[in-house]
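Report on one structure; see the data block that follows.
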Amino acid sequence: MTEALQQHSDESLLDRLRAGDDAAFAELVETQAPRLLSVAKRYLGDVAAAEDCVQEAFLAAFRALDRFEGRSTLSTWLHRITVNAALQALRRKGARDEVDIEPLLPTFDSDGFLEGRTQTTAADAETLLADDDVRRQVRAAIDTLPLGYRNILMLRDIEGLSIKEAAEMLELTETNAKVRLHRARQALKKLLEPLFVEGAL
Amino acid sequence: MSPWRVLKRRTKALMMRHAPGMLTCAQFESFVLAYHEGELDSSAREAFERHMRMCPPCQVSFADYCRTVALGQRLFAEQDAAEPAPVDDRLVASILAARRAR
Ligand SMILES: [Zn+2]
């Protein structure tokens with residue numbers, strides 16, 4: 001559907017939703033729930049928690065319908081609300097099996113040189129991800145990052161938000177968000193090192 | 001480490017510290033995010049790239065950093081482009097029932 005068509009169909013659906021039309025609510029939930037559930041699963045892992053999250057997100061959206069300004073499509077708006085609900089659910093859940101981030105950050109020797117490899121594989125991300133095993137490894141590595149680092153990486157690199165938008169959602173300053181994002185990527189890089197070492201695949 | 005390698009590293013350290021505009025590895029590292037985001041001005045960008053040309057570990061580290069970001073960006077690209085799996089009817093019914101119960 002083109003943007004203009006999407007906007008138009010959103011508008012008529014929105015009018016019906018605001019009028020309290022049951023069929024419109026059913027249409028919205030039926031069309032949007034599948035995608036939102038797959039987004040929620042990325043954050044929460046298990047299906048039951050993701051379903052609770054999607055339900056919460058829809059109810060929050062219904063309450064906020066009057067405040068929806070139509071600056072994004074309904075589906076983008078719902079996506080955002082779902083991510084927020086997932087972040088809240090993670091916060092409530094508290095500590096998980098997380099690695100310590102410090103040992104995953106780069107180290108420098110006494111002369112100030114980076115201690116690291118001088119060779120790496122040439123395979124690009126797309127080639128690497130063609131292997132299902134690699135996809136699982138990347139997902140698992142992201143999941144072991146401490147929450148404060150994982151969330152910013154999810155929002156910036158996976159959701160594709162700007163750093164500023166991601167910082168706002170996580171209630172961080174932009175500077176703090178940048179520091180965390182950088183560390184998250186460094187740690188993930190370290191966790192994924194086996195993929196980059198020549199001859200390891 | 002062999003005496004020869006130590007000498008080589010020391011010489012390189014001296015060069016890096018005293019060559020005008022040369023970044024240390026730690027400084028290089030602190031610019032990685034800004035460089036990747038395209039936020040550096042041209043002189044900082046040049047200094048960054050100069051260090052990268054001279055320093056194999058930083059070159060590799062930066063290449064792996066870029067690939068790590070790309071892996072995250074592409075991890076769900078296929079899933080996003082595909083039709084999502086249908087949800088359980090119970091979920092839809094439960095959401096609609098919860099709305100009516102408000
Ligand atoms: Zn270096």
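General remarks:
- Under 16 Å of direct C-alpha separation, and excluding same-chain neighbours fewer than eight residues apart, A:Lys190 reaches these aspartates and glutamates: A:Glu98, A:Asp100, A:Glu102, A:Glu115, A:Asp143, A:Glu198, B:Glu29, B:Asp64.
- FRET E, pair A:Ser72, A:Asp131, Förster distance 41 Å, beta-carbon r, rounded to 0.05: 0.75
- At most 13 other Cβ within 10 Å, DSSP loop - trypsin sites (Lys or Arg not before Pro), the range A:1-92: A:Arg71
- Residue-by-residue Karplus 3J(HN,Hα) for the range B:53-68, coefficients 6.51, -1.76, 1.60, Hz, glycine and proline x: 5, 8, 10, x, x, 5, 4, 5, 4, 5, 4, 5, 4, 4, 5, 4
- Spin-label model, A:Arg91/A:Ala19: points 7 Å from Cα along the beta carbon direction are separated by 3.8 nm.
- Loop-located GluC sites (Glu not before Pro) in the range B:31-84, at most 15 other Cβ atoms within 10 Å (DSSP): B:Glu37, B:Glu39
- The mean count of C-beta atoms from other chains within 10 Å of the C-beta of residues in A:114-125, rounded to a whole number, is 6.
- Structure-based [θ]222 nm, chain A - -39500 (n - 2.57) summed over DSSP H runs of at least 4, per residue, nearest 500: -20500 deg cm²/dmol
- In the protein assembly as shown, taking the dipole from charged Cβ atoms about the Cα centre, the farthest positive-side position among B:Cys55, A:Val54, A:Asn151 is held by B:Cys55.
- Applying 1/(1 + (r/R0)^6) with R0 = 45 Å to the Cβ-Cβ distance of B:Met54 and A:Leu170 gives a FRET efficiency near 0.75.
- The range A:134-184 and the range A:57-88 have Cα centres separated by 21 Å.
- Around the Cα centre of the protein assembly as shown, unit charges on the Cβ atoms of Lys, Arg, Asp and Glu (plus for the first two, minus for the last two) sum to a dipole of about 1200 debye.
- Here the Karplus curve 6.51 cos²θ - 1.76 cosθ + 1.60, taken at θ = phi - 60°, turns the phi angles of the range A:36-41 into couplings of 5, 5, 5, 5, 4, 5 Hz, with x standing for Gly and Pro.
- Debye intensity ratio I(q)/I(0), log10, the protein assembly as shown, q values 0.09, 0.11, 0.12, 0.15 Å⁻¹ (C-alpha model): -0.56, -0.77, -0.87, -1.19
Coordinate-derived values only; no laboratory data. This structure is a prediction, so every number in the text was calculated from the model and none was measured. All Cβ positions, glycine included, derive from the backbone under ideal geometry; neighbour counts span all protein chains shown.
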